[in-house]
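Working notes, structure below.
The values are calculated or read from the model by the stated rules, or taken from the named source; none is laboratory data. These numbers were taken from a predicted model, which means no experiment stands behind them. So basically every Cβ, Gly included, is an ideal-geometry build from the backbone, and we count neighbours across all protein chains shown. Accessible surface areas use protein heavy atoms only, side chains included; no ligands, DNA or RNA. Shrake-Rupley method; radii C 1.70, N 1.55, O 1.52, S 1.80 Å.
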Amino acid sequence: MGKIINENIWRLIMLNYYINTENRKSKINKEIYGHFSEHLGRCIYEGIYVGEESKIPNVNGMRIDVVEAMKKINIPVLRWPGGCFADEYHWKDGIGDKSLRNKMINTHWGGVVEDNSFGTHEFFELCKQLECEPYINGNVGSGTVQEMQEWVEYMTFEGVSPMAKLRGENGQDNPWRVKYFGVGNENWGCGGNMTPEYYANEYRRYQTYVRNYGENRIYKIACGANIDDYNWTEVLMKNANNFFDGLTMHYYTIPSGDFWNKGGISLEFDEVRWYETLKQALRIEELIMKHSQIMDKYDPEKRVGLIVDEWGIWCDSEPGTNPGFLYQQNSMRDALVAGISLNIFNKHSDRVTMANLAQVVNVLQAIILTEGEKMILTPTYHVFDMYKNHQDAELVESFIQTKEIGDVNANAIVPNIIESASIDSDENLNITICNLSIEEGFDIDVNVTGREYTSIEATILHNDMHAHNTFEETDNVKPEKFTNFKLEDNKINLTIPECSIIHLKVK
Ligand code: AHR
């Protein structure tokens, strides 16, 4: 193992942290705290939907425990039905009498039978229970323009039309409201292996028929780049930006940096891999900045949002599980990846208008894991809970002096602290701070200008790097009250322990 930089002298030095509440930079759209649910493994089936006949307590087939947990973190938007699954999904298979619905093989994800018992009506029922915006992802890769047009008509048209009639026959007279609609997913890969030029043309054609019926206004989302495919962004912005409101970007934190050899299962990592993983997570900021630069060229007013609708840590699947189900555990490392990423999204909320963690239950960096009727909240869930005050708040200018930590030989060097700060609608200042070090705590002096503050409520998520919750020990990792701070003359002094995340609500 290479040397972990450990200059204890830093313990004696304060890190200066400046927050200027007068410089309000951009609104942090609540949709940045969005989630993603795909027909993949045990995400929809068992994780969310168990059916009305299940012994697991449910309302109209939706697990009560999971829905309540998701509501507690104010889930603002949920993406569905994929992912790669979206470009093989034919929505008419998922409506009408369940016993007559077409069954299909979920070729992408484990080759299991998809019985289509969770379809459009069930998704809208879920969003109603969650009180969140639906984000529907349409099929470009293997679907037709007509199929997409009819889906939008089915969901949103009020009046006399074949699809409105069909919807009524299936028990839903009133149209639903659909704000977010994605025209294809990963069309450079599982969504059809297209070139950007070809997809840009296809996008223009398909989106023509994604209509605004009645009062419904659709925010159209085009498939954007994989990671650092800047040419994709360039071509889409040049050839089609007048036709979309949002352009996606997908980026996963792969612990080893190599998608094909990810570097182990979620709980098996050493100190070096810890820093390597966090370095990979931090890369999302460079990607956002470079894609944004290209977008700025064609859209200096920032009308088009950058939609990071797939992000999170992707490890090897847990041994003994179907590798096609992408099931992984979730530790303090995941919590730090989430805390870092959300702070970065906040900082770039002038361009990033939505982000969706992959995925909400039982898949990849899940916030919730289930086993039969048991459910646990992961460390990542708690980060979303601690950060929820940033939703729809105003990002304020902030800067912290950092130092480099990590492993020199492995070239895994990261800053010790990542933060962001915002003002909510009650004028409270919410600060979220991540300490990336697994061995050092830091003293921080926060200088707040622009407003007078008199009190603080604070929570901390703090534990060993491998700490996680299990179905037997559900509360190993959970937020605790944090008291190691002083507020005097509008200056906050605090000590953040190693491997932790803090939320301060300053009033
Ligand atoms: O989230 C898992 C998969 O990752 C999604 O289906 C796909 O869009 C991406 O490649």
task = Can you grab the distance from the C-alpha centre of the range 239-308 to the C-alpha centre of the range 161-230, Å, no decimals?
result = 23
inquiry  = Tell me the carbon and sulfur percent of the accessible area for the range 252-312, rounded to whole percent, probe radius 1.4 Å.
reply    = 48
request  = Rank by packing, highest mean first: peptides 60-69, 257-266, 40-49, with packing defined as the count of other Cβ atoms within 10 Å averaged across residues.
outcome  = 40-49, 60-69, 257-266
query = When ligands, DNA and RNA are left out and all protein chains stay put, how many square angstrom of accessible area per residue does the chain have with a 1.4 Å probe?
reply = 39
message = Could you tell me the ratio Rg/Rh of the range 134-184? Both radii from Cα atoms, Rh via Kirkwood.
response = 0.98
request  = Sticking to Cα atoms, compute the Rg of the range 457-497 to one decimal and its Dmax as the biggest Cα-Cα distance, whole number, in Å.
outcome  = 13.9, 46
remark   = Restricting to Cα pairs under 8 Å and 6 or more apart, the percent relative contact order of the chain works out to 20
inquiry  = Could you work out [θ]222 nm for the chain from helices alone, using -39500 (n - 2.57) per DSSP H run of at least four and dividing by all its residues? Round to the nearest 500 deg cm²/dmol.
reply    = -7500 deg cm²/dmol
remark   = Surpassing 28 Å at the alpha-carbon level, of the pairs K72/K98; K179/K505; K279/K491; K30/K103; K262/K388; K55/K103, are K72/K98; K179/K505; K279/K491; K30/K103; K262/K388
ask   = Using a probe of 1.4 angstrom, how much of the accessible area of the range 120-159 is carbon and sulfur, in percent?
value = 45
remark   = Whole-Å distance linking the alpha carbon centroid of the range 360-426 with that of the range 433-464 is 14
ask   = What ratio of Cα Rg to 2.2 N^0.38 Å holds for the range 431-507?
value = 1.23
ask   = What base-10 log of the normalised intensity I(q)/I(0) is obtained for the range 364-487 from the Debye formula, alpha carbons as equal point scatterers, at q = 0.16 Å⁻¹?
value = -0.98
request  = Among DSSP beta bridges whose residues both lie in the chain, state the antiparallel percentage, nearest 5.
outcome  = 60
query = Which semi-axis lengths, in whole Å and largest first, follow from the square roots of five times the eigenvalues of the Cα gyration tensor of the range 233-307?
reply = 33, 12, 9
Longest to shortest principal axis, alpha-carbon extents of the range 193-279, angstrom = 55, 30, 19
message = Let's see if you can work this out: charge +1 on each Lys and Arg Cβ, -1 on each Asp and Glu Cβ, no other charges. What is the dipole magnitude of the chain about its Cα centre, in debye to the nearest 20?
response = 980
key: Globularity index of the chain, i.e. its alpha-carbon radius of gyration over 2.2 N^0.38 Å   = 0.97
note = In whole percent, the fraction of accessible protein surface over the range 180-250 that belongs to carbon or sulfur atoms, probe radius 1.4 Å, stands at 42
request  = Name the residues whose placed amide hydrogens come within less than 5 Å of the amide hydrogen of N58, ignoring near sequence neighbours (fewer than 5 apart) on the same chain.
outcome  = I64
remark   = Kirkwood radius from Cα pairs of the range 324-430 plugged into Stokes-Einstein at 20 °C, 1.002 mPa s, gives D in µm²/s equal to 137
